[in-house]
Each structure stands twice: as C-alpha cells, then as structure tokens.
Amino acid sequence: MPHLSDQIIPARFLLTLGHFVALCLVTYTKEHNIYAVYDAPSSSEKQAYLSEMETAMNFAYICFAFDFFGMVSGSTIFMNKINLFQIIIHFLGGVCISTFIHDNWGYHYLWPLVLSFSLPTALIEVWMLIATHVLRIVIYGGD
C-alpha cells in the first residue's frame, strides 16, 4: 500500500495544474462576469473592467510561474509541510475559481480570489527560493 508521502508530490502537481487551468478558463467568461454586475455598461466601462480582470489574471499567472518554477527546480518539492499547504490552497483556489466561472460571479470577485489563493503560494515559493539559493539557510528535503 502506498504511503501518504508518496502521494503528496503528484497531488501538488495536479492541484496546481487544475487551479491554473481553471484560471485560464476565466478568459472565456470575462464578459459574463461583467454583465453579472452591470446590465448595460458603456464601452469604456466595459473596457476598464476587462482590463482590471486581465491585470488580475496576469498577476495570478506570474504567481503560478513561481509555483511551477519552485516545483520544477526542486526547491520545495520535497518539503512535505509546504506541499501540504500548496495542496490545500490550490484545491480551494481551483474550487473557488470554478465556482466563479460556473455561477457567473461579478468581475470584482476575481482580485480577492487571486490574492487569497495565488499570492500566498507564490510568496512561499519566492521565500523558499531565496532561503535555499541565496541565503542558504534551508537544506533540501528539510521540513
């Protein structure tokens, strides 16, 4: 029977990827999310709201770049506590972003979702990359 520790790395990869794919799908529902708040926004208002959503999505993509780099580089992939945190946050983020898409939440909920579920994981990855490669205070595989 496989141990739980053998399942953590694949779970982290799959949940991070699932959260990322859910965020990519927001691209197709941006206008619906705007119309969920405003019945008939003017062209300039609509463009401003689309720009705000794209800024939030681009910020989240940058956060995901740090997440994926941390996984691929191996900086945090063998740290079980960080992996568990990443699994929980990306699971919740994927569910919330999917709900955002499915239930046509207003566009203004995207920033809180990005700040709650993409930023914390990226900050941990950045800190661990700095601690491991620059400050040399974290040894690989340590918890």
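Here are the numbers for this structure:
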read-out	value
Among (1) of a type in the set (S, T, N, Q); (2) open to solvent by less than 70 Å² (accessible area, probe 1.4 Å); (3) over 14 Å from Phe20 (Cβ atoms); (4) within 17 Å of the chain's Cα centre (by Cα), the one test that Thr55 misses	(2)
Tally of residues being surrounded by fewer than 20 Cβ atoms within 10 Å (Cβ to Cβ) and in contact with a helix residue (DSSP H, G or I) (Cβ under 9 Å, 6 or more places away or on another chain) across segment 95-110	9
Failed condition for Met79, given (1) crowded, with 16+ Cβ neighbours inside 10 Å; (2) modelled with pLDDT of 95 or more	(2)
Unmet requirement for Leu50, which otherwise passes all of (1) closer than 28 Å to Ile137 by Cα; (2) open to solvent by less than 60 Å² (accessible area, probe 1.4 Å); (3) in a helix (DSSP H, G or I)	(1)
Filter result (modelled with pLDDT under 90, in contact with a Phe, Trp or Tyr (Cβ under 8 Å, 6 or more places away or on another chain) and surrounded by 15 or more Cβ atoms within 10 Å (Cβ to Cβ)) within segment 124-143	Leu129, Thr132
Yes/no for Cys63 being assigned to a helix (DSSP H, G or I) and either at positive phi or in contact (Cβ under 8 Å) with a residue 12 or more places away in the chain (or both)	yes
Extreme residue, farthest from Phe100 (Cα to Cα), among residues of segment 60-69 that are surrounded by fewer than 16 Cβ atoms within 10 Å (Cβ to Cβ) and of a type in the set (A, V, I, L, M, F, W, C)	Phe69
Residue ID - surrounded by the fewest Cβ atoms within 10 Å (Cβ to Cβ), chosen from residues in segment 19-35 that are under 22 Å from Leu119 (Cβ atoms) and among the hydrophobic types (A, V, I, L, M, F, W, C)	Val21
Cross-chain or 6+ apart pairs with Cβ under 6 Å, segment 111-123 first and on the phi < 0 side of the Ramachandran plot and surrounded by 19 or more Cβ atoms within 10 Å (Cβ to Cβ), then among the β-branched types (Val, Ile, Thr) and at pLDDT below 95	none
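Here's the yes/no breakdown for (1) open to solvent by 70 Å² or more (accessible area, probe 1.4 Å); (2) in contact (Cβ under 8 Å) with a residue 60 or more places away in the chain; (3) closer than 30 Å to Thr132 by Cα; (4) not in a helix (DSSP H, G or I):
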site: Leu17; (1), (2), (3), (4): no, no, yes, no
site: Val37; (1), (2), (3), (4): no, yes, no, yes
site: Asn83; (1), (2), (3), (4): no, yes, yes, no
site: Gly93; (1), (2), (3), (4): no, yes, yes, no
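The values are calculated or read from the model by the stated rules, or taken from the named source; none is laboratory data. Treat the numbers as computed from the prediction; the structure is a model and nothing was measured. Cβ atoms come from the backbone with ideal geometry, glycine included; neighbour counts cover every protein chain shown. When the accessible area is computed, the model is the full protein with side chains, heavy atoms only, and any ligands, DNA or RNA have been set aside. Shrake-Rupley method; radii C 1.70, N 1.55, O 1.52, S 1.80 Å.
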